[in-house]
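Inspection log for the structure reproduced underneath, given as structure tokens.
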Amino acid sequence: MIMNVLSAAAVVDIAGIGIGPANLSLAALAQPKPGLTATFFERSSEFQWHAGMMVPDAMLQVHYLKDLVSLVDPSNPLSFLAYLAKQKQLLSFINANFDQVLRREFNQYYRWACTQLPNLHFNSEVRSVEFENGLFLLKGDTWVQPARNLVLGTGQQPSIPAFARPHLGDTLFHSSQYMTRKRSLKDKRVVVIGGGQTGAEIIQHLLSDTSALPASVTWVSRRWNFSPLDESPFTNELYTPQYSDHFFAQPEAVRQSLLVEQKLASDGISQSLLQSIYRRLYELKHVLHHPCKVRLLPGRELTAVQQRPHHWSLSLVHGHSHVQEELSADMAVLCTGYAYQMPECLGAIEPRITRRNGEYVFNQDYSVQWDGPQGSAIYVQNAARSQKGIADPNLGLIPWRCANILNSVSGQALYDLDEPDAFVQWGPSAAFDEVSDARFDRLTALAN
Ligand SMILES: Cc1cc2nc3c(=O)[nH]c(=O)nc-3n(C[C@H](O)[C@H](O)[C@H](O)COP(=O)(O)OP(=O)(O)OC[C@H]3O[C@@H](n4cnc5c(N)ncnc54)[C@H](O)[C@@H]3O)c2cc1C
């Protein structure tokens with residue numbers, strides 16, 4: 001939906017920069033709260049969820065109930081189930097009994113939600129943010145929006161090794177451009193760098209069409225193997241508000257070591273995708289006897305890229321042996337992840353925001369510490385992995401985070417965020433034992 005933005009807009013409680021799933025959830029949860037005014041700005045002309053990686057078979061990596069709103073308010077009219085009902089496809093959805101939902105379908109749901117919200121402005125890049133007389137002033141090309149609070153929902157940016165950046169183009173690019181850059185690869189040598197979910201999705205896509213297979217497909221991973229995502233129930237407890245709060249309360253050194261231990265709880269490859277790739281390899285080799293050469297090279301790091309007259313030369317170092325290997329490629333896809341970067345538009349107020357080890361310092365309510373007055377808060381979505389835990393960049397807790405932000409802005413419990421005790425007791429046990437002992441004494445007294 002494209003909205004015209006008034007050049008002299010009224011002051012709002014919340015101005016959001018960026019409309020991805022994070023700020024879309026905020027808009028959806030703010031809508032039923034009449035006391036709050038909010039408006040959101042997006043530079044793209046329409047909602048697109050990682051369009052460059054919308055490979056046809058890519059699946060959502062969370063349960064579909066982890067939509068924009070259900071976690072804090074399943075009765076909100078912008079839930080995924082409400083979307084299915086509005087499209088008259090709820091029964092077919094139930095009968096289809098999906099294990100996972102297609103990412104393309106969730107994108108359609110998000111786009112439908114955009115049509116239900118009048119306060120989203122597309123084609124509206126925020127060029128700068130200033131702070132004057134107690135108000136944030138968001139400035140676009142032809143408009144200014146004053147706001148009491150700011151919410152950054154600008155997402156993460158592609159992480160690309162410095163040595164590869166000068167070479168980026170049509171045949172060497174980051175995975176975020178895969179769907180727009182890919183072309184006929186028949187008889188070409190393709191190298192995919194990165195052994196996470198994105199690398200796996202691209203490998204599956206490259207191998208999917210038997211009539212258009214490349215001459216060779218090489219998959220390089222720094223990890224020692226193509227490792228699965230840990231989706232077991234107790235690991236999924238890391239994606240709960242209780243664990244996020246627990247993690248936030250830990251000293252920095254503890255948080256850092258936990259993040260290392262929890263790597264495969266967030267960055268592994270889904271089991272079903274690994275299985276499907278393995279089966280396809282089997283089929284190509286043993287059933288179709290296809291000449292496409294597939295090489296799997298874990299335990300290697302890409303260390304340099306050189307342009308040759310007709311191909312790329314990629315230097316790898318083998319982790320254990322430190323042996324150097326050279327690969328030739330006609331096309332190379334860098335599935336090297338994403339990282340948070342402060343949006344450029346924040347330039348004028350950026351020096352006023354506190355940083356520790358290069359990162360914003362978060363408060364419990366997802367505002368960041370800065371030297372502005374009380375009541376003028378800057379909230380940041382999707383930038384607190386090292387302080388709030390592995391769930392932060394994930395879709396799962398977005399509604400809970402947004403409800404925290406709305407409660408904080410309004411100064412009221414607009415959303416009930418009281419949590420029951422978690423199954424797992426993450427903290428030390430002294431207090432727990434006291435409670436248990438007291439409960440045990442009470443039960444014994446009752447029994448007697
Ligand atoms: C390919 C891919 C698949 C993923 N799949 C899953 C999944 O299945 N499950 C899961 O839990 N997580 C998934 N994630 C992780 C995460 O959920 C997504 O990255 C999600 O899109 C993050 O939402 P966001 O709103 O924070 O950022 P984004 O979706 O990146 O949106 C940010 C928006 O801000 C806009 N913007 C930036 N600067 C400005 C500006 N100055 N003015 C106006 N607009 C601006 C951008 O154009 C963009 O539209 C996936 C990530 C990727 C990369």
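The values are calculated or read from the model by the stated rules, or taken from the named source; none is laboratory data. None of the values given here were measured: they were computed from a predicted structure. Note: ideal-geometry Cβ built from the backbone for every residue, glycine included; neighbour counts use all protein chains shown. Please note that ligands, DNA and RNA were not included when accessible areas were found on the heavy atoms of the full protein model with its side chains. Shrake-Rupley method; radii C 1.70, N 1.55, O 1.52, S 1.80 Å.
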For region 212-219, does any single residue satisfy the condition of being more than 15 Å from the ligand (Cβ to nearest atom), among the hydroxyl-bearing types (Ser, Thr, Tyr) and more than 30 Å from HIS320 (Cα to Cα)? no
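For ALA403, are the conditions met, namely being among the small types (Gly, Ala, Ser) and within 16 Å of GLY153 (Cβ to Cβ)?
Yes: the conditions hold for ALA403.
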Report whether or not PRO74 is more than 8 Å from the ligand (Cβ to nearest atom) and without any contact (Cβ under 8 Å) to a residue 24 or more places away in the chain. yes
Within the bounds of region 141-155, is there any residue that is open to solvent by less than 40 Å² (accessible area, probe 1.4 Å), of a type outside the set (Val, Ile, Thr) and free of Cβ contacts under 8 Å to residues at least 40 places away in the same chain? no
Taking into account only those residues within region 393-448 that are exposed (fewer than 10 other Cβ atoms within 10 Å of the Cβ) and closer than 30 Å to ASN23 by Cβ, which is modelled with the highest pLDDT? GLY411
Determine which member of the set TRP112, TRP49 is open to solvent by less than 60 Å² (accessible area, probe 1.4 Å), away from the ligand (no atom under 13 Å from the Cβ) and aromatic (Phe, Trp, Tyr). TRP112
Given region 299-418, what strands (runs of 3 or more DSSP E) lie entirely inside it while holding 1 or more residues that are of a type outside the set (A, V, I, L, M)? 300-307, 312-318, 324-329, 378-380
Residue check, LEU81 within 29 Å of LEU150 (Cβ to Cβ) and hydrophobic (A, V, I, L, M, F, W, C): no
Which of the residues belonging to region 121-140 are more than 11 Å from the ligand (Cβ to nearest atom), assigned to a strand (DSSP E or B) and either at positive phi or in contact (Cβ under 8 Å) with a residue 60 or more places away in the chain (or both)? GLU130, PHE131, LEU135, PHE136
Check on THR142, of a type outside the set (Phe, Trp, Tyr) and within 23 Å of MET53 (Cβ to Cβ): no
Keeping to region 162-177, report how many residues are part of a loop (DSSP other than H, G, I, E, B) and either without any contact (Cβ under 8 Å) to a residue 40 or more places away in the chain or under 20 Å from the mean Cα position of the chain (by Cα) (or both). 3
Hey, among the residues in region 295-305 that are more than 27 Å from the chain's Cα centre (by Cα) and over 14 Å from GLY169 (Cβ atoms), which one's most open to solvent (accessible area, probe 1.4 Å)? ARG295
